[in-house]
Amino acid sequence: MHDMQTPTTPAPSTTPPLRVLLIDDGAHRVGLIGDELARQGCEVVGVIDAAVLIHDCVQRLAPDVVIVDSESPTRDTLEHLALLSSRNPRPVVVFAEDGAAGPMQRALKAGVSAYVVAGLQPQRLASLLQVAIARYEQDAALRAQLDAAQSELVQRKAVEQAKRLLMHSAGLAEPAAHARLRRLAMDRGLKLHELAQRVIEAHALLADPGTPA
């Protein structure tokens, strides 16, 4: 006698579908792209044909990826993609027929993650999106590291300036000025650079025009 086993049904994927915003920038192939995206399980959240709508649509529809279908990206489109990159960045893929270096360089400078030339090949769409997302995430990580380094430099400069002010106004040596800043920061529950900024602002309010900073 053999035990009867009930066939198991594979659990449905818990990964949410990739949300894509399509922009028709003159090539008029967004229908084909949308059909292929749907076939691959992606969700097309919107299709627009006016560059001025890009930023508002990204804010409202929150796509994971933006695809621009173009013969050659227009200046207006690139300007709005650059604005998107600075305010609400997303991975952006451009399909273009113009393989000239100029438009490609301008697109990459505007924050485009992938610039694909020489025809749309639906079978490559999924891999291209993954490459664009990976590059975007890598660039975002590098930007975050740069921002952190710049922020740390600004904070360090504030602490050094506050120390100089204490050394000048209270006649303290550098170690004593630093220790006083640390103690004041702890007493007030502030980070050292936050306390330093307050010292700088207070000095600016109270100092005479001729007092050195």
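The values are calculated or read from the model by the stated rules, or taken from the named source; none is laboratory data. Small disclaimer: the values here were computed from a predicted structure and weren't measured. Here Cβ is always computed from backbone atoms with ideal geometry, including for glycine, and neighbour counts include all displayed protein chains.
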Checklist entry - Any residue at all in the range 155-168 that is among the small types (Gly, Ala, Ser) and within 30 Å of Val92 (Cα to Cα)? => result no
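Is it the case, given these coordinates, that Val45 is of a type in the set (A, V, I, L, M), without any contact (Cβ under 8 Å) to a residue 40 or more places away in the chain and under 22 Å from Glu137 (Cβ atoms)?
On the way: of a type in the set (A, V, I, L, M): yes; without any contact (Cβ under 8 Å) to a residue 40 or more places away in the chain: yes; under 22 Å from Glu137 (Cβ atoms): yes.
Yes.
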Checklist entry - From Pro73, Pro17, which residue is at pLDDT 85 or above, assigned to a loop (DSSP other than H, G, I, E, B) and within 27 Å of Met104 (Cβ to Cβ)? => result Pro73
Checklist outcome for this item: If you go through Gly102, Gly46, the only one that is outside any loop (DSSP other than H, G, I, E, B) and surrounded by fewer than 15 Cβ atoms within 10 Å (Cβ to Cβ) is Gly102
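Just checking, which of Val30, Val58 is buried (at least 17 other Cβ atoms within 10 Å of the Cβ) and at pLDDT 90 or above?
Details: Val30 fails: at pLDDT 90 or above.
The conditions single out Val58.
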Item to check | Matching residues in the range 21-43 - criterion: being within 26 Å of the chain's Cα centre (by Cα), under 21 Å from Thr74 (Cα atoms) and assigned to a strand (DSSP E or B) | outcome: Leu21, Leu22, Ile23, Asp24, Asp25
Item to check | Scan of the range 82-99 for residues that are part of a loop (DSSP other than H, G, I, E, B) and touching a Gly at 6+ places or on another chain (Cβ under 7 Å), ordered by number | outcome: Pro89
